[in-house]
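Below is one structure, written out as structure tokens, with a few remarks after it.
The values are calculated or read from the model by the stated rules, or taken from the named source; none is laboratory data. Everything quoted here is computed from the prediction, not taken from an experiment. Positions of Cβ are backbone-derived with ideal geometry, glycine not excepted, and every protein chain shown enters the neighbour counts.
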Amino acid sequence: MTKPLLRVLRGERLDPPPLWLMRQAGRYLPEYRATRASAGGFLELCLTPALAAEVTLQPLQRFGFDAAILFSDILLLPWAMGQNLTYGEGEGPRLAPVRDAAGLAALRLERVAERTAPVREAVRLIAAATGDAALIGFAGAPFTVACYMVDGRGGDFLETRTLAWRDPGFFADLIALLTEGTIATLAGQIEAGAEAVMLFDTWAGLLPPSLFAAHVTAPAQRITAALHARFPGVPVIGFPRLAGASLAAYARATGVQAVGMDTQTDPATLPADLVVQGNLDPLALLAGGAALEREVGAVRAATAARPHIFNLGHGVLKETPPEHVARLVELVRRR
Ligand code: 1CP
């Protein structure tokens, strides 16, 4: 019996659609906050297999989602290559910026396999416990990871976006290094038991078309081709957030099996046979009530004629009441 999420990723249309949420494990859940506190810090949580597995499975136990997404972070790759990374209490990640060839030369791809061994151990533990839910592995796409590596923190990524123009040689080398690292990361997760993988390119929409082609589409194409060569049949979901009119071309050029739709995307603008995932506004989930009911109906209607995986257009916000998530599950599965 093939799992529903994997059937849709192969092009089948299911009614009701399989359902999971980006950031389904996280601070809106009291059980997550408790496990995170017991781990000490966020990196410790990601690197302790039993705890990473526990928080991955918490939302499945509570809501019965159709997929588990590995609990980890896109910034474990730069950390594993040797870049200094901290997650302060209540603030986002902070990295020691890499902005020149010397900084790049200090990073070591060879270290990654050993330093991320606990992540693959977590994947093994989760894979043994998912039942009918599919296990999704993930990585940050090269451009989005580069944003944090160069700027050193979240924000508008002006350093990164300027450097892409000012020093195209450096920037191409950084993207090439991250492309290799991403292939190795995702291959390791698949070998450990991930049944599909998702490439998060949260900041793709910051780039103008020429740079989008070079730093978003081309790396995603290389990553997808390398994974398909080694693991035929393991689907790749691409999520170039805020790609706008470039999304359909991205899907075609990269060879991904599905695209994540951000909240702005109208599925009617995408090829009818393209598998899509999304795209309820996380704020409608936070608001709940009649707005949530109406918007779930709107997303279902807009995707009814095509293979669709129900999800949000971006991650669950930490202020979201868990009861709203329970209600969402009811609404999506209502006949
Ligand atoms: O304090 C905490 O508990 C940390 C908050 C947190 C969480 C729950 C971070 C730090 N990372 C994560 C887990 C995480 N990150 C997952 C787990 C699986 C799930 O979806 O349930 C995933 C897929 C990610 C991916 C990720 N990390 C992205 C891409 C997706 C997205 O949400 O846009 C990005 C941009 C990051 C960087 C990052 N890590 C953490 C934070 C707070 C951020 C964002 C920083 C910023 O504001 O720019």
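Arg294 passes every criterion in (1) free of Cβ contacts under 8 Å to residues at least 40 places away in the same chain; (2) surrounded by 14 or more Cβ atoms within 10 Å (Cβ to Cβ); (3) basic (Lys, Arg) apart from (2). Restrict the check to the range 103-117 and report whether at least one residue is within 16 Å of the ligand (Cβ to nearest atom) and either charged (D, E, K, R) or in contact with a His (Cβ under 8 Å, 6 or more places away or on another chain) (or both). For the range 103-117, residues within 16 Å of the ligand (Cβ to nearest atom) and either charged (D, E, K, R) or in contact with a His (Cβ under 8 Å, 6 or more places away or on another chain) (or both): absent.
Each residue in the range 1-39 was checked for being within 15 Å of Val325 (Cα to Cα) and of a type in the set (A, V, I, L, M, F, W, C), and 6 of them qualify. When residues in the range 191-208 are screened for being out of contact with any Asp or Glu (no Cβ under 9 Å at 6 or more places or on another chain) and closer than 17 Å to Arg115 by Cα, 1 of them pass. Out of all the residues in the range 223-230, is one or more modelled with pLDDT of 95 or more, over 19 Å from the mean Cα position of the chain (by Cα) and not hydrophobic (A, V, I, L, M, F, W, C)? Yes, the range 223-230 contains at least one residue that is modelled with pLDDT of 95 or more, over 19 Å from the mean Cα position of the chain (by Cα) and not hydrophobic (A, V, I, L, M, F, W, C).
Among the residues of the range 288-324, those identified as small (Gly, Ala, Ser) and under 20 Å from Arg334 (Cα atoms) are Gly288, Gly289, Ala290, Ala291, Gly297, Ala298, Ala301, Ala302, Ala304, Ala305. Pairs linking a residue in the range 68-81 that is on the phi < 0 side of the Ramachandran plot and more than 6 Å from the ligand (Cβ to nearest atom) to a residue that is assigned to a loop (DSSP other than H, G, I, E, B) and aromatic (Phe, Trp, Tyr), with Cβ atoms under 9 Å and 6 or more positions apart or on different chains, are Ala68/Trp20.
Within the range 305-324, the residues that satisfy the criterion of being closer than 23 Å to Ile237 by Cα and either more than 24 Å from the chain's Cα centre (by Cα) or surrounded by 18 or more Cβ atoms within 10 Å (Cβ to Cβ) (or both) are Ala305, Arg306, Pro307, His308, Ile309, Phe310, Asn311, Leu312, Gly313, His314, Val316.
Tell me, please, whether a residue that is touching a helix residue (DSSP H, G or I) at 6+ places or on another chain (Cβ under 8 Å) and over 23 Å from Ala249 (Cα atoms) can be found in the range 211-230. Within the range 211-230, one or more residues are touching a helix residue (DSSP H, G or I) at 6+ places or on another chain (Cβ under 8 Å) and over 23 Å from Ala249 (Cα atoms). Residues that are near the ligand (Cβ under 8 Å from one of its atoms) and surrounded by 16 or more Cβ atoms within 10 Å (Cβ to Cβ) were ranked within the range 82-99; the one that is farthest from the chain's Cα centre (by Cα) is Tyr87.
The set of residues in the range 14-61 being under 30 Å from Asp273 (Cβ atoms), within 10 Å of the ligand (Cβ to nearest atom) and not polar (S, T, N, Q) consists of Trp20, Leu21, Met22, Arg23. Restricting the range 126-162 to residues that are part of a helix (DSSP H, G or I) and aliphatic (A, V, I, L, M) leaves a set whose member that is farthest from the ligand (Cβ to nearest atom) is Ala127. Counting the residues of the range 235-270 that are farther than 18 Å from Ala139 by Cβ and either surrounded by fewer than 22 Cβ atoms within 10 Å (Cβ to Cβ) or not small (Gly, Ala, Ser) (or both) gives 19.
The single condition among (1) touching a Pro at 6+ places or on another chain (Cβ under 7 Å); (2) surrounded by fewer than 18 Cβ atoms within 10 Å (Cβ to Cβ) that Leu178 does not satisfy is (2). Taking the criterion of being free of Cβ contacts under 8 Å to residues at least 60 places away in the same chain, surrounded by fewer than 24 Cβ atoms within 10 Å (Cβ to Cβ) and among the small types (Gly, Ala, Ser), the residues of the range 132-164 that qualify are Gly152, Gly155. The number of residues in the range 204-226 being in contact (Cβ under 8 Å) with a residue 40 or more places away in the chain, over 18 Å from Gly244 (Cα atoms) and surrounded by fewer than 22 Cβ atoms within 10 Å (Cβ to Cβ) comes to 2.
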